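These notes are about the structure you will find just below.
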Amino acid sequence: MAVQAECRAGRPLAAASGRCQNWIGPRRGRKQPKGRSGWSRAGAMWSAGRGGSAGPVLLGLLLALLVPGGSAAKTGAGLVTCGSVLKLLNTHHRVRLHSHDIKYGSGSGQQSVTGVEASDDANSYWRIRGGSEGGCPRGSPVRCGQAVRLTHVLTGKNLHTHHFPSPLSNNQEVSAFGEDGEGDDLDLWTVRCSGQHWEREAAVRFQHVGTSVFLSVTGEQYGSPIRGQHEVHGMPSANTHNTWKAMEGIFIKPSVEPSAGHDEL
């Protein structure tokens, strides 16, 4: 019974197996399209990998950002800067971008990415980084039109998408991929915003560099083991489902004052 309860809650098991599998179903009786196997996409099998306590890891990272020379600010309006750790809120569906050590049972089988309503979940923190070649020094304001990586703090995997169908809506699957922040060129997302820099109070979009889709939420919700979490996926067009805003986090103060002006996207 204890094992079943942990699987339903979507938590990694402490037992030697370190794994559980469950069938998930849509909420409110939504009818989902069937895959080639005859199983509904909402009935894809999920597996939870091993994981430890989130709190100490997250606390360690946030403290590291606050060491002398880190110059971080917790509150107040300003710019989003490289190296900052934050949560991202979908402004239409009011869910935060989230990931966890639970893999998709269909599609790529990579670590799943979802949207959650809770504002205090430690699995919703992402770190703003540049591409593998750099281009995003710590404390530099993120420019509109700049390509960045979003690295999930607690698992070290990057926000990623590719040509696999998403489990519920059959849009493009969004996953978390890589090890210790290193993945591949499908981890890059262009920040689409107005003006010259990404402002913390402004709504922005993230457009995937490799496939051109926008990071989106359309309201589909999973069943067990992550009941109530929303599907996150890629959509080909810019619309109300793919606007995001920076929320809770620690923001590195700009290392230099940004110059005035306006960039045309």
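With no solvent and one equal point scatterer per Cα, compute the Debye intensity ratio I(q)/I(0) for segment 171-255 at 0.16, 0.17, 0.21 Å⁻¹ and report its log10, rounded to two decimals.
-0.79, -0.89, -1.20
Ordering VAL209, VAL113 from largest to smallest accessible area (1.4 angstrom probe), what's the sequence?
Numbers: VAL209 70, VAL113 0 Å².
Correct descending sequence by accessible area is VAL209, VAL113.
Could you order GLU179, GLU199 so the one with the most accessible surface comes first? Probe is 1.4 Å.
Values: GLU179 120, GLU199 95 Å².
Putting GLU179, GLU199 in descending order of accessible area: GLU179, GLU199.
Under 14 Å from the 7 Å Cα→Cβ point of ASP120, by amide nitrogen: which residues of segment 88-103?
Counting backbone N atoms under 14 Å from the label point, the list is empty.
With charges only on Cβ, +1 for K and R and -1 for D and E, what is the dipole size of segment 97-209 about its Cα centre, in debye, rounded to 20?
Working: 10 positive and 14 negative charges, 69 e Å.
The calculation lands at about 340 debye.
Largest first, please: the extent of the C-alpha atoms of segment 123-265 along each principal axis, to the nearest Å.
That works out to 47, 32, 28 Å along the principal axes.
Return the sequence-ordered ³J(HN,Hα) values of segment 156-170 in whole Hz as given by the Karplus equation 6.51 cos²θ - 1.76 cosθ + 1.60 applied to θ = phi - 60°, using x for Gly and Pro.
So the J values, rounded to whole Hz, are x, 9, 9, 4, 8, 8, 6, 7, 10, x, 6, x, 9, 9, 6.
By accessible area of protein heavy atoms, probe 1.4 Å, what ranking do LEU97, LEU154 get, highest first? Can you show the working numbers first?
Working: LEU97 0, LEU154 40 Å².
My answer, sorted largest first, is LEU154, LEU97.
What is the distance, in nm, between label points placed 7 Å from the Cα along the Cα-to-Cβ direction at GLU133 and at ARG227?
Result: 4.9 nm between the two label points.
Solvent-accessible area per residue for segment 66-206 at a 1.4 Å probe radius, Å²? It would help to have the intermediate numbers written out before the result.
On the way: 5270 Å² over 141 residues.
Dividing the accessible area of segment 66-206 by its residue count gives 37 Å².
Quick check for me: using +1 on Lys/Arg Cβ and -1 on Asp/Glu Cβ, what's the dipole size of segment 156-265 about its Cα centre, in debye to the nearest 20?
Numbers: 7 positive and 15 negative charges, 82 e Å.
For segment 156-265, the charge dipole is close to 400 debye.
What figure, in Å² to the nearest 10, do you get for the accessible area of ARG94 with a 1.4 Å probe and non-protein molecules left out?
That residue has around 140 Å² of solvent-accessible surface.
The values are calculated or read from the model by the stated rules, or taken from the named source; none is laboratory data. These figures come from a predicted structure and were not determined experimentally. All Cβ positions, even for glycine, are placed from backbone atoms using ideal geometry, and neighbour counts span all protein chains on display. Areas reflect the complete protein model, heavy atoms only, side chains present, ligands, DNA and RNA absent. Shrake-Rupley method; radii C 1.70, N 1.55, O 1.52, S 1.80 Å.
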